Amino acid sequence: MAIHFLNTFSCSAHFPKEWGTGLLSLLIESEQGLILVDAGLGSEEYKNPSLFTRIFRRITKMPFDPRETALHQIRQLGYQPEDIRHILLTHMHFDHLSGIADFPQAKIHLFRDEFDAFLGRRKSFFDLAYVREHIAHHPVFVLHDLTDEKWFDFDAIRLPFSPEIWLIPLVGHTRGHCGVAVKTEKGWHLHSGDAAADFRQDIPAWAIRLVLGPHEPRLRAFGEAHPEVALTSSHMFLDFFEKND
Ligand SMILES: [Zn+2]
C-alpha cells in the first residue's frame, strides 16, 4: 500500500535564508480507505486567516498558495475529498489542524490528552496556535488513550487500521503531541511530527528543546540504531518534498 508525502504549508525564515520548510502530511492508502496524517493549512485559512497565520505571514515568508492545501493535492492525485475516511493528528496547532474542515466526512483521530489541551485553558504562547474555530464544523473525533502496548520501546497506541498504524505519544511541543508510525510496503516509517526538526539538518539543540520539546535526542538515537526505519518530522526542509514528488 502506497504512502504519499504532501507539503501542506510552506513557511521560510527570513534568516537564515536557507531555512525553508514545509509541513509534511502523509497520505496513506489503507484497507479502511485513505488516511491523512495532519491536514495542513485549510482552504478557509487562505480566505479568512486566523491570528497565528497572520502572525506567520508577517514574521516569515509564506507562498500562501491555496494549491498547497491537502484538498487541492488530493484532487490532483485523482481522489475526491470524501475518499479521505480518517485523519490522524499529531497535535492540534493551526497548521496541522485547519485542513480538517476540507474533509468534513472524515473521522479525526488523536490522543485524548491533546484534545483536552486544545479545549482547556491557554497556558503558554504556543497555545495561541490552538484555534477553536477550526473544529466549528463539528467533526467526529475518535480519542485514543494509552494502553500498555509498545512500538519498539516507545509507549504506543495501536490504531484500528491495516496496514499497522500507531500513535506514539511524544509530549512536550504540546501537552498531547504524538508521532505516528506506519508500516509501509518498504518497512516502518516513524513520523515524529513537531517532536523533532528535520533530522538531516544541524539545528541548535537548545532551540529544538525550547520549541519542539525533549524527544529529539531519543528519536535521533533511535534512527541511528534502526536505519531500516524511515524517520521524518513535520517541518522538513523544502528539498525533501522536491525529492519525494
Ligand atoms: Zn506545532
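The values are calculated or read from the model by the stated rules, or taken from the named source; none is laboratory data. Everything numeric here is computed off the predicted structure, so don't read it as measured data. Please note: Cβ atoms are built from the backbone with ideal geometry, for glycine as well, and neighbour counts cover all protein chains shown.
Overview of results
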read-out	value
Criterion (hydrophobic (A, V, I, L, M, F, W, C), away from the ligand (no atom under 16 Å from the Cβ) and out of contact with any Asp or Glu (no Cβ under 7 Å at 6 or more places or on another chain)) met by exactly one of I84, I100, I59	I84
Number of the exception - A106 against (1) away from the ligand (no atom under 15 Å from the Cβ); (2) among the hydrophobic types (A, V, I, L, M, F, W, C); (3) touching a residue at least 40 places away in the same chain (Cβ under 8 Å); (4) more than 19 Å from I28 (Cβ to Cβ)	(4)
Given (1) surrounded by fewer than 24 Cβ atoms within 10 Å (Cβ to Cβ); (2) within 12 Å of the ligand (Cβ to nearest atom); (3) of a type in the set (D, E, K, R); (4) at pLDDT 95 or above, index of the condition D127 fails	(4)
Residue in the stretch 5-24 that is of a type in the set (D, E) and surrounded by 18 or more Cβ atoms within 10 Å (Cβ to Cβ) present	no
Any hit, the stretch 16-30, residues being part of a helix (DSSP H, G or I) and either free of Cβ contacts under 8 Å to residues at least 60 places away in the same chain or under 15 Å from the mean Cα position of the chain (by Cα) (or both)	no
Hits in the stretch 160-178 (condition: within 16 Å of the ligand (Cβ to nearest atom), assigned to a loop (DSSP other than H, G, I, E, B) and more than 10 Å from G193 (Cβ to Cβ))	V171, G172, R175, G176
The stretch 181-199, residues that are in contact with a helix residue (DSSP H, G or I) (Cβ under 9 Å, 6 or more places away or on another chain), more than 14 Å from the ligand (Cβ to nearest atom) and at pLDDT 95 or above	L190
Residue, surrounded by the fewest Cβ atoms within 10 Å (Cβ to Cβ), within the stretch 179-216, restricted to residues that are assigned to a strand (DSSP E or B) and within 14 Å of the chain's Cα centre (by Cα)	H189
